[in-house]
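Visitor: Handing you this structure, nothing more for now.
The values are calculated or read from the model by the stated rules, or taken from the named source; none is laboratory data. Since the structure is predicted, the reported quantities are computational estimates derived from the model, not experimental observations. Positions of Cβ are backbone-derived with ideal geometry, glycine not excepted, and every protein chain shown enters the neighbour counts.
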Amino acid sequence: MSQAEYPTPKWREDFPIEQEYDDFITRRDFVRFLGLVSAGLMVGSASVVVSSLTHEEGPFPEVEVTGAGDLKPGAWMVFRYPNEKTPAILIRRENGEYISFLQKCPHLACPVTYHRSDGEEGEHIGCHCHNGKFEIETGQGIQGPPRELRPLRQVVLKRDGDRVIATGLNEIRFA
Ligand code: FES
């Protein structure tokens with residue numbers, strides 16, 4: 001049976017594009033599609049970075065940390081600051097002082113937790129996601145991916161008798 005004797009397939013009637021043009025059009029469309037996707041990803045990434053840098057900016061409210069007076073040295077708690085969506089940790093250090101940071105790890109935003117000194121390691125803040133570790137005084141990363149990143153954002157506190165009041169966030173510092 002010669003080629004002329006084969007009937008034209010149905011798909012060729014539905015898509016009457018010669019193969020050489022078909023390749024050309026598909027490649028161009030594919031590149032256009034890639035360009036659009038890349039542009040969309042760039043815009044999305046930029047908006048995430050901008051919102052993460054700006055949504056925790058002042059002016060900040062003064063908020064009393066409820067339950068702070070009940071914390072024993074070496075204990076910690078979670079509260080919300082500077083708004084109801086943002087978790088922060090209040091630590092009563094082993095020496096009795098209070099210190100506070102936002103709970104979001106600067107690596108991939110896992111929640112950080114306080115660790116008392118256990119004999120080998122001094123008290124510190126840790127992130128379980130990638131074994132990150134932060135210095136207790138400054139929130140600077142000292143182990144794992146956070147070493148290369150900005151420190152934990154510190155919550156500024158003031159004391160009024162037994163009351164502990166959050167008054168703001170320190171400036172963003174880049175390592
Ligand atoms: S998210 Fe905290 S170390 Fe990766």
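Visitor: Restricted to segment 94-115, and to residues that are within 16 Å of the ligand (Cβ to nearest atom) and among the hydrophobic types (A, V, I, L, M, F, W, C), which residue is nearest to residue 68 (Cα to Cα)? Let's see the steps before the verdict.
Guide: So the first thing to find is which residues in segment 94-115 are within 16 Å of the ligand (Cβ to nearest atom), and the list is 101-115.
So of that shortlist, the ones also among the hydrophobic types (A, V, I, L, M, F, W, C) come out as 101-102, 105, 108-110, 112.
Numbers: 101: 14, 102: 16, 105: 22, 108: 28, 109: 25, 110: 23, 112: 19 Å.
Step by step, filter segment 94-115, then rank; the result is 101.
Visitor: Among the residues in segment 105-116, are any modelled with pLDDT under 95, of a type outside the set (A, V, I, L, M), more than 18 Å from the chain's Cα centre (by Cα) and farther than 25 Å from residue 165 by Cβ?
Guide: Within segment 105-116, none of the residues are modelled with pLDDT under 95, of a type outside the set (A, V, I, L, M), more than 18 Å from the chain's Cα centre (by Cα) and farther than 25 Å from residue 165 by Cβ.
Visitor: With the condition kept exactly as written, say whether any residue in segment 63-75 is out of contact with any Cys (no Cβ under 8 Å at 6 or more places or on another chain), modelled with pLDDT under 80 and assigned to a loop (DSSP other than H, G, I, E, B).
Guide: Applying the first criterion (out of contact with any Cys (no Cβ under 8 Å at 6 or more places or on another chain)) to segment 63-75 yields 63-75.
With the extra rule that they be modelled with pLDDT under 80, the set shrinks to none.
No; the residues of segment 63-75 include none that is out of contact with any Cys (no Cβ under 8 Å at 6 or more places or on another chain), modelled with pLDDT under 80 and assigned to a loop (DSSP other than H, G, I, E, B).
Visitor: Moving on to the next point. Return the total of residues in segment 135-146 being touching a residue at least 24 places away in the same chain (Cβ under 8 Å), at negative phi and not aliphatic (A, V, I, L, M). First the steps, then the outcome.
Guide: Looking only at segment 135-146, we keep the residues that are touching a residue at least 24 places away in the same chain (Cβ under 8 Å), and these are 136-137, 139-141, 144-146.
Among the residues that remain, those that are also at negative phi are: 136-137, 140-141, 145-146.
From the residues that got through so far, the ones that are not aliphatic (A, V, I, L, M) too are 137, 140-141, 145-146.
Of the residues in segment 135-146, 5 are touching a residue at least 24 places away in the same chain (Cβ under 8 Å), at negative phi and not aliphatic (A, V, I, L, M).
Visitor: Continuing with this model, one more query. Considering only segment 147-156, I want to know if a residue exists there that is charged (D, E, K, R), under 27 Å from residue 69 (Cα atoms) and within 16 Å of the chain's Cα centre (by Cα). Steps first, please.
Guide: At the first step, the residues of segment 147-156 found to be charged (D, E, K, R) are 147-148, 150, 153.
With the extra rule that they be under 27 Å from residue 69 (Cα atoms), the set shrinks to 153.
This time we only want the ones that are within 16 Å of the chain's Cα centre (by Cα), so: 153.
There is at least one residue in segment 147-156 that is charged (D, E, K, R), under 27 Å from residue 69 (Cα atoms) and within 16 Å of the chain's Cα centre (by Cα).
Visitor: Condition first: free of Cβ contacts under 8 Å to residues at least 40 places away in the same chain and either outside any loop (DSSP other than H, G, I, E, B) or of a type in the set (A, V, I, L, M, F, W, C) (or both). Now tell me which residues in segment 80-89 satisfy that. Talk me through it step by step, then tell me what you get.
Guide: Pass one, segment 80-89, residues free of Cβ contacts under 8 Å to residues at least 40 places away in the same chain: 80, 83-87, 89.
Passing the criteria: 80, 87, 89.
Visitor: Taking residue 147, is it touching a strand residue (DSSP E or B) at 6+ places or on another chain (Cβ under 6 Å) and surrounded by fewer than 15 Cβ atoms within 10 Å (Cβ to Cβ)?
Guide: yes
Visitor: Scan segment 116-138 for residues that are surrounded by fewer than 12 Cβ atoms within 10 Å (Cβ to Cβ) and near the ligand (Cβ under 9 Å from one of its atoms) and report the count.
Guide: Total satisfying the criteria: 2.
Visitor: While we're on this one: Check off (1) away from the ligand (no atom under 13 Å from the Cβ); (2) surrounded by fewer than 18 Cβ atoms within 10 Å (Cβ to Cβ); (3) part of a strand (DSSP E or B); (4) not hydroxyl-bearing (Ser, Thr, Tyr) for residue 142 and give me the number that stays unchecked.
Guide: Condition not satisfied by residue 142: (1).
Visitor: Can you tell me which residues in segment 99-115 are part of a loop (DSSP other than H, G, I, E, B) and surrounded by 14 or more Cβ atoms within 10 Å (Cβ to Cβ)? Reasoning before the result, please.
Guide: Within segment 99-115, the subset part of a loop (DSSP other than H, G, I, E, B) is 103, 105-110, 112.
Within segment 99-115, 103, 105, 106, 107, 110, 112 meet the criteria.
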